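To start, the structure under review is shown below, and the notes come after it.
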Number of protein chains: 2
Amino acid sequence: MSERASYFLKALIERYIRDGQPVGSRTLAKDTGLDLSPATVRNVMADLEDMGLVTSPHTSSGRVPTVSGYRLFVDSLLTVQPLAEQDINACQTELAAAADVTTLVDTASRLLSSITHLTGMVMVPRCERDVFHQIEFVPLSGTRLLVILVTGAGEVHNRIVYTDHTYTPAQLVQAGNMLTAMFSGQDLHTVRQQLLDDLEQTHQHVDQLMRQVLQLAQQVLVTAEPKDHLLVSGQTNLMEFDELANIERLKALFAAFTEKHQLLDLLDRCIAAEGVQIFIGDESGYALLDDCSLVTATYRVRGQVLGVLGVIGPTRMNYQRVIPVVDVTARLLAAAFGQQSSCSIV
Amino acid sequence: MSERASYFLKALIERYIRDGQPVGSRTLAKDTGLDLSPATVRNVMADLEDMGLVTSPHTSSGRVPTVSGYRLFVDSLLTVQPLAEQDINACQTELAAAADVTTLVDTASRLLSSITHLTGMVMVPRCERDVFHQIEFVPLSGTRLLVILVTGAGEVHNRIVYTDHTYTPAQLVQAGNMLTAMFSGQDLHTVRQQLLDDLEQTHQHVDQLMRQVLQLAQQVLVTAEPKDHLLVSGQTNLMEFDELANIERLKALFAAFTEKHQLLDLLDRCIAAEGVQIFIGDESGYALLDDCSLVTATYRVRGQVLGVLGVIGPTRMNYQRVIPVVDVTARLLAAAFGQQSSCSIV
DNA sequence: GGTTAGCACTCTTATTGTGGGAGTGCTAAA
DNA sequence: TTTAGCACTCCCACAATAAGAGTGCTAACC
């Protein structure tokens, strides 16, 4: 593929991203600044079309990038402009203001959507949510108990359970202390497994209280896991784009935003990737996102991946701007978590 | 207003609600079953138009109800059909499965939206969230403390705070116990006020620890109040309706659903009303809801209003069905809270 | 007096036709 | 290799037309 052809492709895509109209030969000829006639440009465009990089909606319109065209663009043509220093600082202070994990993740998500004018998504960090820290039992009235489970850097899960007996406050405190001592710092999954094993083994030779308590702990652990692990914000931003302004499509998209598990699956697939990853149009594999692109990045502390964040928008999004934003946000979020966990409980 | 005229109005509105098209004289003549000619019906419709109860979008279409028309309809013409026994039971079991306040409210909201195919909203109950039950301080690493505040029937608010000193676990437990003993069962607002007073008074003659602890408690109380007090679900249902299928309008609506405070204001105004209350079109006062209606009901336990719930949908909604659904859901939710709080901590 | 048939009228909606504009592909010449 | 020229295609906006739905009004009917 010729030098010039790719230059034209770049110009065409940039133009198309700017104003959303198919780009004709005359316009493109002016845009490149090469002082070539439209006819020449037409020849090049015909070549690009043969290569499957652009296409025309109908015989006499301009050209529009195809998925392969965008792919080539983001892989090798694109010149990312780094974020302005002040923007970075603004993000940093916003993130610094967030006290606990959830608000931190929420802030990051809102930053993503407000800066890019697209929809932002942030996964709640894995390790934060997966480490057992402390458990407590608070007596409510009757046979009801409030079980409070503290994980990671201060996430609190709570659940009301119903018991067979009533316990004295002292018994409950003791039980909490014991479990905390046994499991603190361990992986939630391990803890669950071990609880199950213990329930098996302690069949006879441990007192009834212990058995009950293990069962209660088991109950709250179950609910602690499948919580809302994805924060989405700025959904309404997608309504601005003409290419998505179709009630059917929007309805499907919004349903996915409330359902979330499809998005989580998708993000999960990015977890192995280094740095920023991009899905263009149907590359995601979800028909739902055929007219959308997804830009994601993992955020990691000391080499360990905590989670994934990203934005979702129309394929015709400003990649040059979105990519650095996602990249920087991931780094800043990682840094924020790094500070938290450098003095963490684990 | 004649007997017959109101009968025609009722028929017209029911027809319009059914298929969303302006109703013409011929159609209405058939619908009523009175064996009258279209010409006669036209005379009646002209009267209804003079009274401002119906209007025609243009000279030669059928008639469409106005806000006043709907108002008359819901106030005196409407025949509500009670909910099927089995539907009620289904709701009841769903609600019974919810353990804590948040899931209860969330379930109610989802029930509303799934049964009516509209958007459901439920306010988190006031008293549940406003009563101080227990406070605990969990040491994290460094100078960070996790403050856990339990309110009402088991809502848990938590926040990480930074302290000047490090405290021993024993001190923290003691502090928690003391505060719990002091304030348990009291109104959050009162507690806050009292904390402030105490901070003033204990200026000299109480030890430093106490002072610090009061400040920490103050911090978590502040965040406990302005939390998410409204659960909305089924937003996407509104996309089904032709009369709302307009990107601009939907965008504004969805923005309100994420913002929530406008809706909360509106619901707050219903809190004084007995039973089911209805806002039709511009009656709500929000231009945003000009093409929508809102059906709300308060839910109360032993005479005391806990909160408000309701649905939002196009003015052309099936009031005959929606009204009993909202009514019943409110009662069932109240009952669910009644069971909880009959053995409650307060 | 309420009810009805008849009729002219209005307005919407769908269809068709028309012309202009934008852009293309191809060919032949520079 | 580049360019000008030209015929061609397709979209789009606009007008014209016809059909259909429904109205208001009048005059006659029971």
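The values are calculated or read from the model by the stated rules, or taken from the named source; none is laboratory data. Only a predicted model underlies this, so the values are computations on that prediction, with no experimental measurement involved. Heads up, the Cβs are rebuilt from the backbone with ideal geometry, glycines too, and the neighbour counts pull from every protein chain shown. With ligands, DNA and RNA removed, areas are computed over all heavy atoms of the protein, side chains included. Shrake-Rupley method; radii C 1.70, N 1.55, O 1.52, S 1.80 Å.
Here are a few things to note about the model shown:
- Residue pairs whose Cβ atoms lie under 7 Å apart, sitting 6 or more positions apart in sequence or on different chains, and linking a residue in segment A:308-337 that is farther than 23 Å from A:His229 by Cβ to a partner that is in a strand (DSSP E or B) and open to solvent by 20 Å² or more (accessible area, probe 1.4 Å), are A:Ile323/A:Val276.
- Comparison of B:Val220, B:Val311, B:Val301 shows that the only residue that is modelled with pLDDT under 95, assigned by TED's automatic domain parsing to the domain that holds B:Leu111 and crowded, with 18+ Cβ neighbours inside 10 Å is B:Val301.
- Selection count, segment A:193-212, where residues are open to solvent by 90 Å² or more (accessible area, probe 1.4 Å) and either at pLDDT 70 or above or over 23 Å from A:Thr166 (Cα atoms) (or both): 3
- Given (1) closer than 27 Å to B:Phe254 by Cβ; (2) at pLDDT 95 or above, index of the condition B:Val54 fails: (1)
- Restricted to segment B:58-96, and to residues there that are within 16 Å of DNA strand C (Cβ to nearest atom) and in contact (Cβ under 8 Å) with a residue 40 or more places away in the chain, the residue that is nearest to the other protein chains (Cβ to nearest Cβ) is B:Val64.
Condition check ((1) charged (D, E, K, R); (2) within 12 Å of the chain's Cα centre (by Cα)) across all residues:
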| position | (1), (2) |
| --- | --- |
| A:Glu243 | yes, no |
| A:Ala252 | no, no |
| A:Ala256 | no, no |
| A:Arg269 | yes, yes |
| A:Gly275 | no, no |
| A:Ile280 | no, no |
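- Failed item, numbered, when B:Asp100 is tested on (1) away from DNA strand C (no atom under 11 Å from the Cβ); (2) open to solvent by 30 Å² or more (accessible area, probe 1.4 Å): (2)
- Residue-level check: of (1) away from every other protein chain (no Cβ under 14 Å); (2) more than 13 Å from DNA strand D (Cβ to nearest atom), B:Met51 misses just (2).
- In summary, B:Ser109 fulfils each of the numbered conditions (1) open to solvent by less than 30 Å² (accessible area, probe 1.4 Å); (2) more than 13 Å from chain A (Cβ to nearest Cβ); (3) modelled with pLDDT of 85 or more with the single exception of condition (2).
- Members of segment B:112-143 that are modelled with pLDDT under 80, open to solvent by 10 Å² or more (accessible area, probe 1.4 Å) and over 20 Å from B:Val191 (Cα atoms): B:Pro139, B:Leu140, B:Ser141, B:Gly142, B:Thr143
- Every condition in (1) in contact with a strand residue (DSSP E or B) (Cβ under 9 Å, 6 or more places away or on another chain); (2) open to solvent by 50 Å² or more (accessible area, probe 1.4 Å); (3) more than 7 Å from DNA strand C (Cβ to nearest atom) is met by A:Glu49 except one, and the failing one is (3).
- Checking the stated criteria, B:Thr32 turns out to be open to solvent by less than 80 Å² (accessible area, probe 1.4 Å), in contact with a helix residue (DSSP H, G or I) (Cβ under 7 Å, 6 or more places away or on another chain) and within 12 Å of DNA strand C (Cβ to nearest atom).
- For segment A:319-336, the criterion of being modelled with pLDDT under 95 and within 14 Å of chain B (Cβ to nearest Cβ) is satisfied by at least one residue.
- Within segment B:7-29, the residues that satisfy the criterion of being near DNA strand D (Cβ under 6 Å from one of its atoms) and surrounded by 16 or more Cβ atoms within 10 Å (Cβ to Cβ) are B:Gly24, B:Ser25, B:Thr27.
- Yes/no for A:Leu34 being near DNA strand D (Cβ under 10 Å from one of its atoms) and either within 14 Å of another protein chain (Cβ to nearest Cβ) or not aromatic (Phe, Trp, Tyr) (or both): yes
- Residue count, segment B:158-192 (criterion: open to solvent by 50 Å² or more (accessible area, probe 1.4 Å), within 34 Å of the chain's Cα centre (by Cα), away from chain A (no Cβ under 13 Å) and not acidic (Asp, Glu)): 5
- Residue in segment B:233-276 that is most open to solvent (accessible area, probe 1.4 Å), counting only those that are without any contact (Cβ under 8 Å) to a residue 60 or more places away in the chain and in contact with a Lys or Arg (Cβ under 9 Å, 6 or more places away or on another chain): B:Ile271
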